[in-house]
Every structure is written in structure tokens, then in C-alpha cells.
Amino acid sequence: MEYIVLASGSKGNATILRSKNGIILIDLGITLTQFEKRARPFNISLDDVDAIFYTHNHGDHFKPFAKLDELALYATKEVAPTFSINEINPYDELEIVGFKIKVIPLSHDANNTVGFIIEDEEDKLVYITDTGYLSEYNIKQASNATYYIFESNHDPELLLDTDRPFELKMRILSDNGHLSNEDSANYLCQMIGNRTKEVVLAHLSEEANTKELALNTFIKVAESKNINLNNIKVKAARQHRAISGGSL
């Protein structure tokens, strides 16, 4: 399985998963022009996508482009009530173009926000962003994946130092908000295992985080728990530039 994070953050999200049998897209919160530009170096266009899966209805994850009517869309009913969608719900399990997809509920201030655990013949990928909390059940379900694309949104001190409204800061810090770097690292350290090859820290705040801070926090927490990262690639997704990993 190959993953391509075209964009990750509050200004738009889109992640491509490609296997030998097909291509799916998780979220489309960037413009179609941005999508085509960033996907072109990987020889992918929107016409190549077999299905789009949406995590929730916030504008950085879902934009109601008319062209989407031509594609197979999978989402909870809260995401796109006016579109022709294939409705999904937490704990649904689907199989599409060789991908086995399990839908998991997340804790965010959008109704019915979900993440995905996706497997093909060789790999298991966990996609979790936009959550302030992860249940023990989901930690167990997401354990020992090959690849993680996992939220590491903010540093609390930097967040509190921004000029955002106090209510917004409290929302982000709550169990219905976003994972801090330290919370993200602690969850990941519970889940990574001997099968894990790559970890992508995702949905980094441009105002309340940095790539270096997120990566350093994860490495520091892993070291404190005596977790060996020598065989695991750790990187951070970007808002304005695509990153890729995995293999076909």
C-alpha cells in the first residue's frame, strides 16, 4: 500500500491510498486545482480515484464540488445530506477495490466524526485526525499497523499564546477538539508494534505547532517508554506540500 498526503491541516486535507487494485481518497478539503497539481507528480488524477471517504463535515475536509456526483462517495449522513452518498456508520466494515475498511468513531465537535483502519493484502494503515480522545477499544483495533497517519495538532503552550478566542482554545484542548503533541505521542506509543514501518504526524496547526516540535515530542515520549524507533520512519505531513510513503 502506498499513501500520499496531499494536504494536512486546518486549510484543507486530502490523502490518497493506492494499492495494486485501485485508489481511494480520504477527504477532499482542497480545491480540485490543488488536488490535480499535487497529485500529478504521482501520475494520479481525480478520474483515477475509485472512491472518496470522508471523516466529517468541516470545510477543511469536505467541499461540495459538483464534479463529485460522478464519484463513489462514502460518508456519514451528516457530511453530505444533499449529495448521493453511500452512507457509512461507526464500526461498519467495507471492501472496495481490494481495501478492507473499518470505520471507527472519533471524538470531535462535528457530529459523527470518524477515522479509518484500512488493510490490503500486505499492509494495515490507520488514519485518525480531528479527535480529542481515543477509546481503549479503538486503541486496540488500531494496534500494530504498518502505517499511521495520526493527528499531532498542537502544543498547548503555543495554543494558549495565540490570539484565538478563549472559547476556541478551550474547544481545541477538550476531548471534542484536537490531540496535542504529547497526547498524540502517548497514544501512538500504545499502538505501534513490530509490524510498524512508518508514522506520519498529521493535521499540525500552523499557529500552535511546528514540524520540529511535533517530531521531537513524539521521539522524546517514545524514548521515555523505551520504544525503539530505529526501524520506524517518523515524519510530519504538511499543509502546502505532498508527502508520500509505503510501497506498492
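Here, each number is a calculation from the coordinates, and none is a lab measurement. Note that the coordinates shown come from a computational prediction; the quantities given were computed from them, not determined experimentally. Positions of Cβ are backbone-derived with ideal geometry, glycine not excepted, and every protein chain shown enters the neighbour counts.
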_Taking N as its residue count, the alpha carbon Rg of the stretch 1-130 over 2.2 N^0.38 Å_ = 0.96
*Regarding the stretch 2-240, what is the average projected area of its C-alpha convex hull, in nm²?*
12.4 nm²
*Okay, helix-only estimate at 222 nm for the chain: each DSSP H run of n ≥ 4 adds -39500 (n - 2.57), divide by all residues, round to 500 deg cm²/dmol; what do you get?*
-6000 deg cm²/dmol
*Among TYR187, PHE150, SER224, flag the residue with its Cα farthest along the positive direction of the charge dipole of the stretch 112-248, charges on Cβ as +1 for Lys/Arg and -1 for Asp/Glu.*
SER224
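Find the all-direction average of the projected area of the Cα convex hull for the stretch 1-78, expressing the result in square nanometres with one decimal place. Show your work: numbers first, answer last.
Working: hull surface 19.7 nm².
Over all viewing directions, the stretch 1-78 projects a mean Cα-hull area of 4.9 nm².
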*Do you know the Lys pair count in the stretch 11-82 for C-alpha distances under 25 Å, with sequence separation 8 or more or different chains?*
9
*Ascending count of other beta-carbon atoms within 10 Å, so fewest first, for VAL200, VAL103*: VAL103, VAL200
_the stretch 12-39-the stretch 132-161 distance, computed between alpha-carbon centres (Å)_ = 22 Å
*Using the per-residue mean of other Cβ atoms lying within 10 Å as a proxy for protection, in what order, highest first, do the peptides 16-26, 145-155 fall?*
145-155, 16-26
_Highest-first arrangement of 170-180, 234-244, 41-51, where packing means the average Cβ count within 10 Å_ = 170-180, 234-244, 41-51
*Give the cross-link partners of LYS197 among the aspartates and glutamates, using a straight C-alpha distance below 18 Å as the criterion and excluding same-chain residues fewer than 8 apart.*
GLU2, GLU119, ASP120, GLU121, GLU122, ASP123, GLU151, GLU223
*Considering the Cα trace of the stretch 156-207, what is its radius of gyration and what is Dmax, both in angstroms?*
13.5, 42
*DSSP-defined antiparallel bridges as percent of all bridges, the chain, nearest 5*: 55 percent
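Take the Cα pairs of the stretch 103-248, get the Kirkwood Rh, then feed it into Stokes-Einstein at 25 °C and 0.890 mPa s and tell me D in µm²/s.
Diffusion coefficient, whole number: 159 µm²/s.
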*asked:* How large is the translational diffusion coefficient of the stretch 77-123 in µm² per second when you combine the Kirkwood radius over alpha carbon pairs with Stokes-Einstein at 10 °C and 1.306 mPa s?
replied: 134 µm²/s
